[in-house]
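Following: one structure in structure tokens, then a few remarks.
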Amino acid sequence: MCMIRRVTLSRRAALKAALGAYASAQVSRSLPSGAVRLVLLGTQGGPNYTAARGECASALLIDGRPYLVDCGYGTLAALKKAGVNHRQIAQVFITHLHDDHTADLPALLIRQWTDGRIEPTTVIGPYGTAKMVEAVIAFGEANAAIRLVDEARSVKPAEMFKGRDIAATPAPIDVFRDDRLTVRAVENTHYPPESKQRMPYRSVAYRCDTPVRSIVFSGDTSYSSGLVALAKGADVLVCEAMDVAAMRKAFEGMVGRGMYADNPEGVWRHIVATHTPLEEAGRMAAEAGVRTLVLTHIIPGALDPLPDETYLAPVRKMFRGTVVLGRDQLVL
């Protein structure tokens, strides 16, 4: 009986994966050449890297030009899988400096240089981003020194990679503009006031406006009036989403296996207080008047796989527009 059950579950999992891949391919094929594409690279709420869902990252392709929002663990491999050339990424936007949003930044930047990129790459994010990029350059110092000698390279990583800190403001501000994209940012509510009094670090959401689509990335946040203001009238809101009860169950299992030994309840207080419950994601989408809500940074996600409707039903109580449950490699 156990053998039969394993085979049945395996077939179900394979069918689900195949259907997901087919749906993603169909969405991709429906977009005209030169359209603005959103590729979900990592959709697991973290820090939790799993085989089914990578950590948080999204790619925005405008007429084929890629921009990256967040760079959690698994991003470089996800870019490869999606067919996005990592060497062509010139701008990276970081919502905040938690490791599940930045862990693959060293891999991305160092492999850009090793693989032959010679144009600048700028990493934009809240306080600490510039220092983080300096640390990435230091981490790759030996690799660069060896290759500069052995391979007669002439471009040095320190000349290519720059970090730029942006202000975390209560009202949206412009933080980037080129010929195809305007990016605005606003502080969200991932860090509570009592924490902000003890540290300079902040967390932001981004709005990416193109000539044909506007896409907003919530970052990690609880309910945020600033995010609602940023997302007003946008085509797409990419928002994190948490089933609190299911995450508590998954969390207790992780603690039982030895995780978070330092202070498990302190970790739990952070999780439950600074992320977005499903109803709140729907509420913010409704208040902002967006057309489509895409759920990402899914909690518990692959830690405790749930039926799609478990995530979608609470959101639909609050939001009457289109709701999409994000999966890695989904193209929108």
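The values are calculated or read from the model by the stated rules, or taken from the named source; none is laboratory data. Owing to the predicted nature of the structure, the values given are computational and were not obtained by experimental measurement. Heads up, the Cβs are rebuilt from the backbone with ideal geometry, glycines too, and the neighbour counts pull from every protein chain shown. Note: areas computed on protein heavy atoms with side chains; ligands, DNA, RNA excluded. Shrake-Rupley method; radii C 1.70, N 1.55, O 1.52, S 1.80 Å.
Helix 141-150 and the long axis of the chain differ in direction by around 50°, with both axes built from C-alpha atoms.
Largest first, how would Asp178, Asp150 line up by accessible area (1.4 Å probe)?
Accessible-area ranking of Asp178, Asp150, largest first: Asp150, Asp178.
For Ile124, the residues whose amide H sits under 5 Å from its own are Val92, Phe93, Ile94, Arg164, ignoring neighbours fewer than 5 places away on the same chain, with H placed 1.01 Å from N.
Per residue, the chain exposes 47 Å² of solvent-accessible protein surface, assessed with a 1.4 angstrom probe and all protein chains in place.
Once C-alpha pairs closer than 8 Å and six or more residues apart are averaged by separation and normalised to the residue number of the chain, the relative contact order reads 17 percent.
Relative to the dominant Cα principal axis of the chain, helix 244-256 is inclined by about 70°. Report summary: the helix-based calculation at 222 nm, which adds -39500 (n - 2.57) for every DSSP H run with n ≥ 4 and divides by the residues of the chain, gives -11500 deg cm²/dmol. Anisotropy class assigned to the stretch 140-259 is oblate, per the alpha carbon gyration tensor with a/c at or over the 1.5 cut-off and a/b no larger than b/c. Largest accessible area first, the residues Arg147, Arg198 order themselves as Arg198, Arg147 under a 1.4 Å probe with ligands, DNA and RNA left out. For the chain, with all protein chains in place and a probe radius of 1.4 Å, 56% of the accessible heavy-atom surface sits on carbon or sulfur. Highest mobility in the GNM of the chain, judged by mean-square fluctuation with C-alpha springs under 10 Å and restricted to Gln112, Gln44, Gln88, is found for Gln88. Using a Gaussian network model of the chain in which every pair of alpha carbons under 10 angstrom is joined by a spring, one finds that among Met254, Met160, Met318 the greatest mean-square fluctuation is at Met254. Applying the Karplus relation 6.51 cos²θ - 1.76 cosθ + 1.60 with θ = phi - 60° to the stretch 272-288 yields 3J(HN,Hα) values of 6, 8, 10, 10, 9, x, 4, 4, 5, 4, x, 4, 5, 4, 5, 5, 7 Hz, where x marks Gly and Pro. DSSP beta bridges fully contained in the chain are about 50 percent antiparallel. Go through [x] 61, 52, 50; [y] 63, 46, 40; [z] 54, 53, 38 and flag the label whose value is the computed Cα extents along the principal axes in Å for this structure. It is the one labelled [x]. Computed over the chain with a Gaussian network model linking Cα atoms closer than 10 Å, the most mobile of Arg111, Arg153, Arg213 is Arg153. Lysines within cross-link reach of Lys81: Cα-Cα under 20 Å, excluding same-chain residues under 8 positions apart? The reachable lysines, counting only those whose Cα sits under 20 Å from Lys81, are Lys16.
Quick check: from the Cα gyration tensor, does the stretch 169-209 come out rounded (a/c under 1.5), prolate or oblate? Judged from the Cα gyration tensor, the stretch 169-209 comes out prolate (a/c at least 1.5, a/b above b/c). Estimated at the nearest 10 Å², the accessible area of Phe217 is 10 Å² with a 1.4 Å probe.
Loop-located chymotrypsin sites (Phe, Trp or Tyr not before Pro) in the stretch 230-332 (DSSP state not H, G, I, E or B) with no more than 16 neighbouring Cβ atoms inside 10 Å: Tyr260.
Computed on protein heavy atoms with a 1.4 Å probe, the accessible areas place Leu38, Leu76 in the order Leu76, Leu38, largest first.
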